[in-house]
Amino acid sequence: MKILVCGGAGYIGSHLVRELSTQQGYEIIILDNLSKGHIKSIPKGIKFEKADIRDKTALERIFSKHKPDAVMHFCASISVGESVADPLGYYENNVAGTIYLLQVMKKYNVKYFIFSSTAAIFGNPKEVPIPDNARPEPINPYGDTKFVVEKILAWSENAYGLKYICLRYFNACGAHESGDIGEDHDPETHLIPLILQVALGQRESVSIFGDDYETKDGTCVRDYIHVTDLATAHIRALAYLIKENKSQSFNLGSGEGYTVKEVINAARNVTGHPIPDKVEDRRIGDPAILIAGSTRAEQILGWKRKYNTIERYGLQPYSSTFSWFLIGHWDQRGQ
Ligand code: UDP
């Protein structure tokens, strides 16, 4: 099967490409505008098309040239704070861009779609860990863009017979075990890379956005999931979709959460660096606690996290020129 991986040069997309390329039976074509993704993350021998999903002419050219059987869609703007400051840009890229992609899929009769959604669609959850069937109530534009797409997918199935899977995950983290790809955003806004930049001497301190939340130490709780575990969930979801021809949404979480202070402390233990922190105002749009259960993915997809304890720590250099990223942080149980 030919799989078009939109956003395949980005953080999660590039890890998916690594895993998918080890499986039999798939030919991969990467589409990426390289606005955030990295050309160096594309493995040799994988077809690559530089294009933006908002460019429908380019999409048509790529679909007519490669004739994909399925699309995996990772392209998105992903920062909560940025989405609050620029909602129009977020709806344009995340919603309008996805509509163009779906329109071209419909024209070329491509039926299968795997969508990167997020636990941010749930806003301030009423139940934690958030169950798969919780009612989405996003509280920031980023989460809302993803929820809007989920609704578009449901109506598109109803109207055109599209078959899709939404994977709702939260804080992707870690790096590939080879050490040559990992999280590399510019500018960086995510907690773990920012903490590690302090350890590397690239910044003075890390900001804590609010310490007056109703959590055990006052800082926000998030569910950190290793990027390779996310990649394997996508592969299982693709196989399920093709075999069962059934649309479905899955939470991909660990069922556990760590506060901002706990993550900083973990990095202090790993690096031996004092990692100074500075408490600042809350970041607008941040829910206090986001932890996702993944019962449905475990039961239906047979998915299980491989990186699942926080007891042991390590550091993985992934690029001699950029930075270091926590990986052993999610060490394999029992090893
Ligand atoms: N955070 C923080 N300082 C930073 C960046 C993030 O305190 O410099 C907090 C943020 O408020 C959230 C958590 O760390 O509670 C994870 O944020 P991140 O941006 O990494 O991911 P998000 O949860 O927004 O997807």
| message | What are the pairs with Cβ atoms under 9 angstrom where one residue, in the stretch 33-51, is under 19 Å from His190 (Cβ atoms) and the other, located anywhere, is among the basic types (Lys, Arg) and modelled with pLDDT of 95 or more? Sequence gap at least six, or different chains. | response | Ser41/Arg18
| request: Tally the residues that are within 20 Å of Glu244 (Cβ to Cβ) and touching a strand residue (DSSP E or B) at 6+ places or on another chain (Cβ under 8 Å), restricting the search to the stretch 96-115. | output: 7
| within 12 Å of the ligand (Cβ to nearest atom), of a type in the set (Phe, Trp, Tyr), crowded, with 21+ Cβ neighbours inside 10 Å and not assigned by TED's automatic domain parsing to the domain that holds Gly293: does that describe Tyr112? | no
| Search result, residues across the stretch 75-109 that are more than 13 Å from the ligand (Cβ to nearest atom), buried (at least 21 other Cβ atoms within 10 Å of the Cβ) and not in a helix (DSSP H, G or I) | Cys75
| Of all residues making up the stretch 18-48, the number that are closer than 23 Å to Ile78 by Cβ, surrounded by fewer than 17 Cβ atoms within 10 Å (Cβ to Cβ) and of a type in the set (Ser, Thr, Tyr) | 1
| Only one of Arg236, Arg283 is assigned by TED's automatic domain parsing to the domain that holds Asp212, in contact (Cβ under 8 Å) with a residue 60 or more places away in the chain and under 28 Å from Phe74 (Cα atoms); which? | Arg283
| query | Which residues, taken from the stretch 115-152, are under 21 Å from Arg283 (Cα atoms) and of a type in the set (A, V, I, L, M)? | reply | Ala119, Ala120, Ile121, Ile139
| If you scan the stretch 1-14, which residues turn out to be farther than 13 Å from Phe48 by Cβ, touching a Gly at 6+ places or on another chain (Cβ under 9 Å) and assigned to a helix (DSSP H, G or I)? | Tyr11
| task | Determine whether Arg268 is in a helix (DSSP H, G or I), more than 23 Å from Ala237 (Cβ to Cβ) and either more than 18 Å from the chain's Cα centre (by Cα) or modelled with pLDDT of 90 or more (or both). | result | yes
| message | Among the residues of the stretch 241-255, are any in contact with a strand residue (DSSP E or B) (Cβ under 6 Å, 6 or more places away or on another chain), free of Cβ contacts under 8 Å to residues at least 60 places away in the same chain and under 22 Å from Ser116 (Cα atoms)? | response | yes
| What strands (runs of 3 or more DSSP E) lie completely within the stretch 168-257 and have 2 or more residues being within 14 Å of the ligand (Cβ to nearest atom)? | 171-173, 206-209, 224-226
| query | Residues in the stretch 84-95: is at least one modelled with pLDDT of 95 or more, among the β-branched types (Val, Ile, Thr) and under 22 Å from Val17 (Cα atoms)? | reply | no
| query | For Glu150, which of the numbered conditions (1) touching a residue at least 60 places away in the same chain (Cβ under 8 Å); (2) within 16 Å of the ligand (Cβ to nearest atom); (3) part of a helix (DSSP H, G or I) fails to hold? | reply | (2)
| task | Would you be able to say whether some residue in the stretch 133-155 is out of contact with any His (no Cβ under 7 Å at 6 or more places or on another chain), under 30 Å from Ser247 (Cα atoms) and among the hydroxyl-bearing types (Ser, Thr, Tyr)? | result | yes
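The values are calculated or read from the model by the stated rules, or taken from the named source; none is laboratory data. Values in this document were obtained by computation on a predicted structure and should not be read as measured data. Don't worry about glycine lacking a Cβ; one is built from the backbone with ideal geometry, like all the others, and counts go over all protein chains shown.
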